[in-house]
Amino acid sequence: MKWSAVLSNPLLAGALAGLLGGLVYGATMSELDLLPTFARLVGADSAAAGFAVLMAVAAVVGAGFGLLVSHRRPEAGETLFWGLVYGTFWWYLGPLTLQPLLQGDGLTWDLDAAKAAFPYFLGLVLYGATIGLSSILLSWGHHVQTAGQHIRRGPLLRGALAGLLGAVLLGVMLDVQDQLLAFAGMMDSDSHVLAWLVTLLVGLLAGVGYALLYPQPTDGAGVGLIRGSAYGFLWWVVSGLTVVPLLSGASLAWFSDEVSALFVTLPAYILFGAAVVLFYQWLGAMVRLLFSDMIGGQNEEGIGTQGLRILGRSLLAGVVGGLLFSLVMLQTDFLPSVADLVGSSSEVAGFFVHLAIAVVVGTSYGLLFRRQSYDVGSALGWGVSYGFFWSILGPLTLMPLFLGSTPQWTVAAVAAAFPNLVGHLAYGVGLGITFYLLEAGYNPWWIPRTQLEAARVAHRREEVLTASPALWVLVVAIGLTLPVLLAG
């Protein structure tokens with residue numbers, strides 16, 4: 001069989017990508033002495049047998065991924081994010097479900113079992129990222145004439161600058177908490193200069209990597225912000241938990257108790273990823289503004305009228321989301337803490353401060369996510385994802401800063417703020433769906449309703465083909481799983 005025929009067959013190409021992912025997964029399991037657990041599936045107990053079993057399973061699972069992405073949009077970045085959520089899904093289906101069943105142990109869907117299986121979670125995240133990247137490279141290899149279109153000097157330069165800017169922001173946030181040396185894997189050193197160099201290098205690589213994945217991003221800033229949050233999570237696993245410790249001479253610290261000590265860098269990485277992507281998109285928009293002679297997308301309403309409509313929808317959506325959030329705050333007695341922002345301890349003052357914040361955040365949602373939701377499902381996905389982002393940026397970062405403290409990113413602080421996370425997710429539900437209903441209900445007289453409906457259907461189909469559903473699932477999985485597992 002010709003090589004091109006192999007690459008054009010989604011099953012065979014997926015199996016090949018799965019084997020490459022299996023090599024990465026197997027290497028990490030070997031480092032942690034966990035390969036024998038795979039051998040027990042066939043009644044053996046050796047690392048060699050475990051590696052053989054792992055590679056066979058990796059090829060089969062990779063073939064499934066090939067089928068999953070064969071009919072989706074072929075952009076490099078979209079394939080990577082589908083790989084991430086695919087690897088995460090197999091942690092639930094594999095080590096937590098099928099593996100104990102095949103070993104005759106029965107299902108153990110409890111916290112202790114999940115904590116014990118945490119190294120497999122990180123390994124499968126890397127496996128998913130590897131099969132995504134391998135699928136991208138195999139696709140480029142199959143279409144050699146288009147491979148050069150993915151590598152251009154302009155996007156790479158913008159990505160490098162965006163990465164450096166994001167790294168500066170990340171380094172400052174970590175330095176304030178005395179976590180910069182831990183982030184750079186230099187806990188036995190006191191060289192802040194070297195730690196800053198490592199941080200800038202990570203930012204440079206992350207920025208250039210994103211430019212390779214998305215040389216010409218077409219989505220709005222809101223979509224980029226959520227994608228950047230997931231991208232930051234990937235860099236936490238790749239850099240913070242894997243590459244940096246290995247380069248510093250340490251072994252992989254992937255067991256849940258060990259990762260808990262490094263959890264403080266996860267919120268930093270999530271905000272770092274969001275910042276890199278936003279800087280990258282804004283730099284691209286600046287270049288188009290300065291060097292393009294054409295201005296597209298004229299709006300018959302005029303910019304001022306359109307802005308007022310967005311503002312009105314955002315205000316109402318923010319109030320609805322804020323009222324839902326306040327139900328959680330009342331149950332957890334958190335409103336007096338919010339009132340502390342204005343020097344009060346009254347629940348009434350806290351309620352009005354909370355609503356004011358909800359309106360401000362809602363306004364930002366309207367500006368970032370206008371025309372990004374085409375049905376209730378996508379509105380729910382973007383709203384919940386944005387609520388998760390603000391659960392990190394708000395009570396864990398900005399609120400402590402406004403109260404004269406430092407960001408509260410430890411696993412204990414995140415676990416204590418878990419009700420706040422639930423409240424932010426509820427806020428996102430109300431925010432996203434209300435904004436969508438208001439936006440969808442507007443029917444300009446100069447555009448026929450049938451034309452509007454046809455455009456929404458086309459956009460809905462296009463969104464399903466992107467990695468948007470994968471991003472929604474991944475963000476919720478990160479937010480609800482990691483704090484519970486690592487805090488115990």
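The values are calculated or read from the model by the stated rules, or taken from the named source; none is laboratory data. Since the structure is predicted, the reported quantities are computational estimates derived from the model, not experimental observations. Cβ: placed from backbone, ideal geometry, glycine included. Neighbour counts: every protein chain shown. Protein only, heavy atoms only, side chains kept; ligands, DNA and RNA dropped before computing areas. Shrake-Rupley method; radii C 1.70, N 1.55, O 1.52, S 1.80 Å.
What to note about this one:
- The helices (runs of 4 or more DSSP H) found entirely in the stretch 16-135 that carry 3 or more residues being open to solvent by 10 Å² or more (accessible area, probe 1.4 Å) and under 28 Å from residue 468 (Cβ atoms) are 47-69, 76-93.
- Selection from the stretch 91-116 of residues that are β-branched (Val, Ile, Thr) and within 27 Å of the chain's Cα centre (by Cα): 97
- Within the stretch 212-228, residues that are within 15 Å of residue 80 (Cα to Cα) have Cβ atoms under 7 Å from residues that are open to solvent by 20 Å² or more (accessible area, probe 1.4 Å) and part of a loop (DSSP other than H, G, I, E, B) in these pairs: 212/151; 215/152; 224/217, counting only partners at least 6 apart in sequence or on another chain.
- For residue 211: the one exception among (1) open to solvent by 10 Å² or more (accessible area, probe 1.4 Å); (2) under 22 Å from the mean Cα position of the chain (by Cα); (3) over 24 Å from residue 122 (Cβ atoms): (1)
- Residues in the stretch 407-425 that are crowded, with 20+ Cβ neighbours inside 10 Å and either assigned to a helix (DSSP H, G or I) or modelled with pLDDT of 90 or more (or both): 411, 414, 420, 421, 423, 424, 425.
- Some residue of the stretch 282-303 being open to solvent by 20 Å² or more (accessible area, probe 1.4 Å) and modelled with pLDDT of 90 or more: no
- Hits in the stretch 136-152 (condition: part of a helix (DSSP H, G or I) and modelled with pLDDT of 65 or more): 136, 137, 138, 139
- One residue stands out among those in the stretch 345-373 that are open to solvent by 40 Å² or more (accessible area, probe 1.4 Å) and of a type outside the set (A, V, I, L, M, F, W, C): the one that is nearest to residue 311 (Cα to Cα), which is 370.
- Pairs meeting the criteria (first residue in the stretch 369-387 and under 15 Å from residue 475 (Cα atoms), second residue of a type in the set (Asp, Glu), beta carbons under 8 Å, at least 6 apart or on different chains) are 378/463.
- Test for residue 254: is it more than 16 Å from the chain's Cα centre (by Cα) and outside any helix (DSSP H, G or I): yes
- Selection status of residue 237, under 18 Å from residue 127 (Cα atoms), open to solvent by 50 Å² or more (accessible area, probe 1.4 Å) and among the aliphatic types (A, V, I, L, M): no
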